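Presented below is the structure to which this report refers.
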Amino acid sequence: MTKLVHFDWAIKNLLRNKANFDILEGFLSELLQTKVTIETLLESESNKNDKDDRSNRVDLLVLTENKEHIIIEVQASMEWDYLSRILYGTSKVVTEYIQAGQSYRNVRKIISVSIVFFNLGRGEDYVYHGTTEFRGTHQHDVLELGKNEQEAYGLDKTPSDIFPEYYLIKVNQFNKIIKDKFDEWVYFLKTETIQPTFTAQGIRSAAKKLDIMSLTDNERKAYERYEENTHYEASMHESHYGRGKSEGRIEEKQTIAKSLLKCGAAIELVMEGTGLTRDDVEKIKGSL
């Protein structure tokens, strides 16, 4: 089978192209179990293509088959404080896409989709879905919308339809056993390959457009640099949990910082991975 580019890299470099929207549309449609159409890539600070931006986040305005407009935030990155990162991301999306003077009722529904390529939390599943509900502390009933709220939001809505939803896809947890169409996508996320028998929405397009051999020379070089950085990130992540950021001699931290900087890692990543200050990292970078 042909080796395909890592989905993490594709989100940042290929899937923002309108010609490739069908890949993300298929992925999201299978995950959410409803057909979605991407209307636009939202213009925001998070979507700027900065060479030092390692968040690999993309914000999309999509239309569901029920004619609802939803903002979907897709992100795939490796960070130790990832749950806080998710919370920050959705909070930022909420504030970015409501105009001054608008009613709070105009706040868009947000769905956050996180593709996690490292061990996050403890749990046996590989797809987790989180919503918000309000449960009584005494009666243990679930809060529903009243008449006025139903007139504002719709008769069939609940508080959980208003607050952000979260999907966590823990790729490392997947055992490669295909149970449904979305598992075909998770299989691709884990193995970077697509079986000829796969038929999930958008999966055949991904097999064609994400082929490493179809990349331009510049794209292939950028992808090779990405793979080198990914190996260092994985090592740093393992080191962080094995010893703690504050442990180890300063010489070891400086050596690690030099290696990361030589591979083009962002200063923020080096600071996070080594515990060094910005001034320390900048001095090391200046000495290379």
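Each reported figure results from applying straightforward, stated rules to the coordinates on display, with no laboratory input. These figures come from a predicted structure and were not determined experimentally. Positions of Cβ are backbone-derived with ideal geometry, glycine not excepted, and every protein chain shown enters the neighbour counts.
Some notes on this structure:
- Evaluated at q = 0.26 Å⁻¹, a Debye calculation over the C-alpha positions of the range 77-143 (equal weights, vacuum) places log10 I(q)/I(0) at -1.15.
- Reach of LYS258 by Cα under 19 Å, taken over lysines that are not fewer than 8 positions away in the same chain: LYS51, LYS245, LYS283, LYS285
- Rh (Kirkwood; distinct C-alpha pairs) - the chain, Å: 21.0 Å
- Table column - 3J(HN,Hα) (Hz), the range 272-288, Karplus curve with 6.51, -1.76, 1.60, x for Gly and Pro: 5, x, 10, x, 6, 6, 4, 4, 4, 5, 5, 5, 5, 4, x, 8, 6
- The 3J(HN,Hα) values that the Karplus relation (6.51, -1.76, 1.60; θ = phi - 60°) gives for the range 109-122 are, in residue order, 5, 10, 10, 9, 10, 10, 9, 9, 9, 8, 6, 10, x, 10 Hz. Gly and Pro appear as x.
- The modelled label-to-label distance for the pair SER287/TYR104, using points 7 Å beyond Cα in the direction of Cβ, is 5.3 nm.
- Applying both filters, DSSP loop and at most 16 other Cβ atoms within 10 Å, to the trypsin sites (Lys or Arg not before Pro) of the range 159-196 gives LYS176, LYS179.
- Amide H to amide H distances under 5 Å link LYS109 with ILE71, where only residues 5 or more positions off or on other chains count and H is placed in the peptide plane.
- Pairs with C-alpha atoms separated by more than 25 Å, drawn from the list LYS170/LYS253; LYS109/LYS170; LYS176/LYS208; LYS12/LYS253; LYS67/LYS157; LYS67/LYS190, are LYS170/LYS253; LYS12/LYS253; LYS67/LYS190.
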